[in-house]
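A short worksheet on the structure shown next.
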Amino acid sequence: MPSRVSIVNIKDDIYAAVCQAVELAGGLEINHGERILIKPNMSCGKPSGSGLVTNVDVVAAVVRLVRERSKSVEVLVADLPICGWDPEETYRLIGIREAVEQAGGTFVDLAKTEMVRVKLPGASKLTKVTMAKLVLEVDGIIDVPVIKTHFMTGHTGAIKNLKGLTQQDQRTRMHVLGLHEPVVDLFENLLPQVRYCIVDGTVAADAVRPAGPYQGPTAGDPVELNVILAGRDPVAIDATIARLMGFKPKKLSILKMAFERELGELDDIVIVGDAADTFKRLRGSRRGGLISKLQGLWTSRVFNRLTHGLVRRWFGSEVVTRKTAKKELEDDACEGAIEVTDACNGCGLCVKACKLGNITIQEGKPLINMDHCVRCWICCEACPEAALMIRSDLIRSVDY
């Protein structure tokens with residue numbers, strides 16, 4: 001049976017759009033007395049509506065929807081930010097606690113709850129992980145990601161969003177293990193708990209550049225989409241997000257792995273609602289539109305010589321072709337580096353994020369010992385100013 005995904009334009013009321021999206025996708029069943037955990041993306045302390053975290057109005061709408069299904073249900077909302085970000089400060093900057101409580105839910109600071117070490121049966125890389133005990137105790141999870149690009153995985157959606165239920169220091173471990181397979185290992189074991197996915201498409205964040213250096217998912221250009229997506233199959237949801245953003249789902253490693261493990265659908269998907277109006281590439285400017293249109297040209301063997309010089313003039317001398325980046329990455333002799341740009345304000349969050357103690361602040365700027373660096377890139381992911389950037393010859397190439 002094909003997976004069903006709905007896409008609904010937000011006209012005036014976010015709550016109405018959420019309700020319509022859920023009904024079009026097949027409805028949401030909530031039983032009396034259940035404990036339901038709503039999992040938004042609160043990865044960093046950026047404003048609601050920036051596209052970098054789940055819009056609090058969408059979270060509040062989901063809380064209200066669940067509460068109206070059953071007055072006796074206990075609605076919990078929880079997430080943990082990227083390693084290095086202070087949870088309480090992150091929640092305050094987003095404004096999530098107030099929004100949840102006003103909607104009738106209970107906000108839970110997972111950093112103050114019990115953590116447990118659990119085995120992940122059938123895992124290929126992440127055989128054990130430390131996560132909030134609460135995740136194992138609830139009756140179901142409603143996954144509420146935001147649409148945004150990610151410098152290592154192409155985009156971050158419903159599957160990767162579940163990583164926020166693990167202890168913060170586990171993110172570094174997952175990156176060191178290769179990120180893609182550990183994320184799918186975690187997803188496979190949490191999938192029985194995932195009751196539904198409701199995607200915040202009010203504002204998306206686009207941080208994909210033509211080629212490196214690459215910045216983390218805490219920065220990006222906001223693109224207004226004003227849509228809500230919903231469905232029961234997280235893989236189908238992420239495949240739909242990928243196509244909406246102009247990616248090929250089978251070219252994104254996380255989606256390809258999840259599909260090969262038979263965890264959801266990539267192709268056999270029925271899309272209902274306002275798909276015709278919203279199925280477009282995630283490009284919010286003329287400059288961004290040129291990126292998607294020229295991508296095939298500057299990476300092609302035939303046209304690259306003609307287009308690459310022009311692209312470098314537009315986007316800077318650091319631009320390289322995807323083919324070159326991939327070749328350099330596959331070369332074991334590649335040493336690489338993390339660039340500290342002028343955007344750095346010396347906040348020291350990268351120091352907190354690096355669990356190896358490999359970063360120090362000297363003269364107001366981070367100094368990274370690349371000789372001991374394990375290339376987990378968690379510092380780049382955590383940087384609030386996108387001031388730490390990975391050189392293009394280091395990043396795993398994704399054919400968009």
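The values are calculated or read from the model by the stated rules, or taken from the named source; none is laboratory data. Because the structure is predicted, anything quoted here is derived from the model rather than measured. A quick note on method: Cβ atoms are made from the backbone with ideal geometry, for glycine too, and the neighbour counts reach across all protein chains shown. These area figures cover heavy atoms from the full protein model, side chains too; ligands, DNA and RNA do not enter into them. Shrake-Rupley method; radii C 1.70, N 1.55, O 1.52, S 1.80 Å.
Summary of values
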item: Hits in the range 224-242 (condition: more than 15 Å from Ser3 (Cα to Cα) and either over 15 Å from the mean Cα position of the chain (by Cα) or open to solvent by 10 Å² or more (accessible area, probe 1.4 Å) (or both)); result: Glu224, Leu225, Asn226, Val227, Ile228
item: Members of the range 107-118 that are open to solvent by 10 Å² or more (accessible area, probe 1.4 Å) and in a helix (DSSP H, G or I); result: Ala111, Lys112
item: Within the range 250-261, considering residues that are part of a helix (DSSP H, G or I) and open to solvent by 10 Å² or more (accessible area, probe 1.4 Å), the one farthest from Asp13 (Cα to Cα); result: Glu260
item: Residue list for the range 25-39, filter: in contact with an Asp or Glu (Cβ under 6 Å, 6 or more places away or on another chain) and closer than 23 Å to Thr156 by Cα; result: Lys39
item: When residues of the range 196-212 are limited to those that are assigned to a loop (DSSP other than H, G, I, E, B) and open to solvent by 10 Å² or more (accessible area, probe 1.4 Å), the one modelled with the highest pLDDT; result: Ala207
item: Boolean, Gln193 is in contact with a strand residue (DSSP E or B) (Cβ under 6 Å, 6 or more places away or on another chain), within 16 Å of Arg35 (Cα to Cα) and surrounded by fewer than 19 Cβ atoms within 10 Å (Cβ to Cβ); result: yes
item: Output for the range 30-56, where each listed residue is in contact with a Phe, Trp or Tyr (Cβ under 9 Å, 6 or more places away or on another chain) and under 26 Å from Glu137 (Cα atoms); result: Met42, Ser43, Cys44
item: Residue satisfying all of: in the range 347-385; acidic (Asp, Glu) and at pLDDT below 85; surrounded by the fewest Cβ atoms within 10 Å (Cβ to Cβ) among these; result: Asp371
item: Strands (runs of 3 or more DSSP E) within the range 1-106 that include 1 or more residues surrounded by fewer than 24 Cβ atoms within 10 Å (Cβ to Cβ) and within 23 Å of the chain's Cα centre (by Cα); result: 3-9, 74-79
item: Single residue of the range 119-178 satisfying the filter (touching a Gly at 6+ places or on another chain (Cβ under 7 Å) and not aromatic (Phe, Trp, Tyr)) that is surrounded by the fewest Cβ atoms within 10 Å (Cβ to Cβ); result: Lys125
item: Cβ pairs under 7 Å, 6+ apart, first in the range 26-47 and on the phi > 0 side of the Ramachandran plot, second part of a strand (DSSP E or B); result: Gly26/Arg4
item: Of all residues making up the range 354-381, the number that are under 25 Å from the mean Cα position of the chain (by Cα), under 16 Å from Thr341 (Cα atoms) and part of a loop (DSSP other than H, G, I, E, B); result: 1
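Residue-by-condition table, conditions (1) over 30 Å from Glu262 (Cβ atoms); (2) of a type outside the set (Ser, Thr, Tyr); (3) in contact (Cβ under 8 Å) with a residue 60 or more places away in the chain:
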site: Lys71; (1), (2), (3): yes, yes, no
site: Asp79; (1), (2), (3): no, yes, yes
site: Glu89; (1), (2), (3): yes, yes, no
site: Arg92; (1), (2), (3): yes, yes, no
site: Leu120; (1), (2), (3): no, yes, yes
site: Met131; (1), (2), (3): no, yes, no
